[in-house]
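Student: I have a structure I would like to understand better, so I am pasting it below and will then ask my questions one at a time.
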Amino acid sequence: MLPGLIDMHVHLVWAGSPDPTTLVEREGEQLTTVPAAAHAHLQVRAGVTTVRELAGNADTFPLAVATAVDRG
């Protein structure tokens, strides 16, 4: 049995696009939160139970994603 894994450097809003900062700025924080929640779900499915979000260009979406995860 393996305890939950911790990823100390994630960018849940970025999906490997060539210019993620512009994408986030163009879509805004609300639309950015939707894929971030999906990426958080993928982390959990991979066994990661704790992440440290390092998105410096958004202030409140990590809290929204954490709340969504807490609510299932």
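The values are calculated or read from the model by the stated rules, or taken from the named source; none is laboratory data. The model shown is predicted, which means the values in this text are computed figures rather than measured ones. Using ideal geometry, Cβ is built from the backbone for each residue, glycine included, and neighbour counts are taken over all protein chains shown.
Student: Among residues belonging to the range 1-35 that are at pLDDT 80 or above and of a type in the set (Asp, Glu), point out the one that is nearest to the chain's Cα centre (by Cα).
Tutor: Here the residue is Asp7.
Student: Which numbered condition trips up Gln43, out of (1) modelled with pLDDT under 90; (2) polar (S, T, N, Q); (3) touching a strand residue (DSSP E or B) at 6+ places or on another chain (Cβ under 8 Å)?
Tutor: Result: Gln43 fails condition (1) only.
Student: What number of residues within the range 47-72 satisfy the criterion of being part of a loop (DSSP other than H, G, I, E, B), surrounded by 10 or more Cβ atoms within 10 Å (Cβ to Cβ) and modelled with pLDDT of 85 or more? Can you show your working first?
Tutor: Here is the first cut: in the range 47-72, the ones part of a loop (DSSP other than H, G, I, E, B) are 47, 54-60, 71-72.
Next, only the ones that are surrounded by 10 or more Cβ atoms within 10 Å (Cβ to Cβ) stay: 47, 54-55, 57-58, 60.
Keeping just the survivors that are modelled with pLDDT of 85 or more gives 47.
Going through the range 47-72 one residue at a time, the tally reaches 1.
Student: I'd like the full set of residues that are more than 17 Å from Val69 (Cα to Cα), in contact with a His (Cβ under 8 Å, 6 or more places away or on another chain) and not in a helix (DSSP H, G or I), limited to the range 4-46.
Tutor: Matches in the range 4-46: Ala15 only.
Student: Can you tell me which residues in the range 4-30 are free of Cβ contacts under 8 Å to residues at least 24 places away in the same chain and exposed (fewer than 12 other Cβ atoms within 10 Å of the Cβ)?
Tutor: Taking the range 4-30 as the starting set, the residues that turn out to be free of Cβ contacts under 8 Å to residues at least 24 places away in the same chain are 16-20, 22-23, 26-28, 30.
Residues satisfying the conditions are Gly16, Ser17, Pro18, Asp19, Thr22, Arg26, Gly28, Gln30.
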